[in-house]
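Let me begin by presenting the structure, written as structure tokens, before commenting on it.
Where a number appears in this text, it was derived from the coordinates with a stated rule and is not lab data. In this text, all values refer to a predicted model and were calculated from it rather than measured experimentally. Here the Cβ positions follow ideal geometry from the backbone for every residue, glycine too, while neighbour counts run over all protein chains shown.
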Amino acid sequence: MSFAQEIVCSRCRKRFPLSELLNLCPCGSPLLVRYDLEKAKTAFAKSALAGRVASLWRYRELLPLQDEANLISLGEGYTPLLDAKRLGAELGLQQLWIKDEAQNPTGSFKDRGLSLAISRAKEFGVRKAAIPSAGNAGGSFAAYAARAGIEAHVFMPRDTPAANQIEVAQYGAKLTLVDGLINDCGRIIAERKAAEGWFDVSTLKEPYRVEGKKTMGYEIAEQLNWRLPDVIIYPTGGGTGLIGMWKAFGELEEMGWIGSARPRMVSVQASGCAPIVKAFADNKASAEPWPNAQTVASGLRVPQAVADFLMLQILRESGGTALSVSDDEMLAEIPRVGKAEGIFFCPEGAACVAALRGLVANGWIKPDEEVIIFNTASGLKYLDVIQRNLAEN
Ligand SMILES: Cc1ncc(COP(=O)(O)O)c(C=O)c1O
């Protein structure tokens with residue numbers, strides 16, 4: 001069923017068997033799944049996808065699940081790539097697409113990673129798991145853990161949007177609100193996990209969430225009939241989506257499903273928390289922790305990411321860039337894109353629109369270039385944030 005072969009460290013290249021339940025490499029870096037793509041090249045054809053399930057599991061040969069009996073799915077992935085004609089025209093672009101991740105089961109793209117991570121956790125017989133979350137991952141984790149019968153513990157900053165807090169409890173998970181940020185939540189889990197018997201599902205601190213997120217890359221290629229756009233703009237926190245999509249493009253090329261052309265990858269962050277933007281501008285290989293991180297885009301409130309070096313490599317290798325936008329800029333885009341396209345964007349997705357506006361205005365993106373932006377979650381998850389903003393302005 002799967003061409004997954006082994007697990008390899010993204011930094012020191014140490015190799016591990018697929019049969020081992022893993023978190024980080026002993027060197028402290030993220031672990032990634034490697035596939036036998038030579039074999040896949042001959043044994044798996046694009047045409048096999050026709051008529052398959054409209055979820056990310058249509059790519060099951062390129063995912064690490066070993067036994068289908070362990071598959072935990074709510075129908076995640078295979079979200080539409082919507083032709084944004086009106087927004088594109090307003091911005092002066094001939095071809096703009098919106099990858100609408102709000103249409104995932106719990107309303108965000110986090111479902112992709114958590115379907116994979118929880119399915120694999122089930123495969124290993126994990127009984128209890130814990131996650132630090134900036135918001136959407138917590139709700140998604142709680143949903144998939146419920147479906148798998150795994151006891152779930154979610155740690156979130158106290159000021160996470162209400163929807164994220166409420167949904168965690170409705171899926172039967174234990175929610176702990178922390179006076180701090182996602183990194184503080186992660187630290188608490190690291191301290192308690194041995195005594196509590198929790199498996200740590202922090203992003204990129206186990207090898208499988210990124211495998212789920214990489215399917216955004218497969219889908220873009222498939223939805224564009226096996227070619228890629230000129231530019232992809234992605235709201236970046238932990239960077240799992242960016243890293244996953246880049247991995248997907250490499251895998252597709254190795255299988256001969258796409259050529260060597262790659263999009264310029266653009267990382268968008270909030271001006272109140274922009275460690276990757278700063279490291280990119282300073283030409284650094286890794287990022288400094290961002291002090292006093294603040295933004296209404298809770299998914300972007302990630303002051304330090306374990307895979308910072310991978311994101312920076314990808315941005316440079318792709319000829320991309322990194323830029324930040326203010327909370328006011330992103331919030332102003334939500335009703336604009338709502339009116340133009342009928343899609344209720346989350347602040348993180350709206351940050352992509354604000355960034356795109358700037359990149360077209362300064363000529364970094366040309367009118368005839370094909371661009372994809374991501375709406376990573378539904379605006380419905382941020383009603384309190386948006387209402388507060390309306391009241392203040
Ligand atoms: C809505 C939303 N967009 C973007 C992100 C950042 O995603 P990534 O960790 O893949 O960089 C998050 C993460 O919490 C999120 O919830």
Q) Once the piece of chain linking Cys27 and Leu380 is laid out straight, how much longer is it, given 0.36 nm per residue of separation minus the C-alpha distance between them? A) 123.1 nm
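Using the Kyte-Doolittle scale, which helices in the chain average at least 0.5 and also have C-alpha atoms spread 15 Å or more along the helix axis, with helices defined as whole DSSP H runs?
Working: long enough: 110-123 (20 Å, -0.72); 136-148 (18 Å, 0.21); 182-196 (21 Å, -0.39); 240-254 (21 Å, 0.09); 327-341 (21 Å, -0.66); 347-361 (21 Å, 1.14).
The answer, listed by residue number, is 347-361.
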Q.
Once you place label points 7 Å from the Cα toward the Cβ at Gln94 and Asp230, how far apart are they in nm?
A. 0.8 nm
**Q.** Extended-chain gain in nm, criterion 0.36 nm per residue less alpha-carbon gap, Ala195 and Arg11
**A.** 63.3 nm
Q) Under a straight-distance cross-link criterion of Cα-Cα below 14 Å, which aspartates and glutamates are reachable from Lys99, leaving out those fewer than 8 residues away in the same chain? A) Glu76, Asp83, Glu219, Glu222, Glu341, Glu348, Glu370
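Between Lys339 and Arg388, what length comes free when the chain is fully extended (0.36 nm per residue of separation minus the Cα-Cα distance, one decimal in nm)?
Details: separation 49, 0.36 × 49 = 17.64 nm, distance 2.01 nm.
Using 0.36 nm per residue and subtracting the Cα-Cα distance, I get 15.6 nm.
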Q) Residues with amide H under 5 Å of Ile7's amide H, sequence separation 5 or more or different chain, H placed in the peptide plane at 1.01 Å from N; which? A) Phe16, Leu18, Arg34
**Q.** Estimated inter-spin distance, Ala169 and Gln294, nm [label 7 Å along Cα→Cβ]
**A.** 2.8 nm
Q. Which of the lysines could a cross-linker bridge to Lys193, judged by Cα under 27 Å and excluding same-chain residues fewer than eight apart?
A. Lys14, Lys110, Lys122, Lys128, Lys174, Lys205, Lys213
Q | Electrostatic dipole magnitude of the chain [Cβ: Lys, Arg +1; Asp, Glu -1; Cα centre; debye, to 20] | A | 580 debye
Q.
Can you give me the distance in nm between label points at Lys39 and Asp67, each placed 7 Å from the Cα along the Cα-to-Cβ direction?
A. 1.9 nm
Q. For the range 37-130, what class follows from the C-alpha gyration tensor (a ≥ b ≥ c being the square roots of its eigenvalues): rounded when a/c is under 1.5, otherwise prolate if a/b is larger than b/c, else oblate?
A. oblate
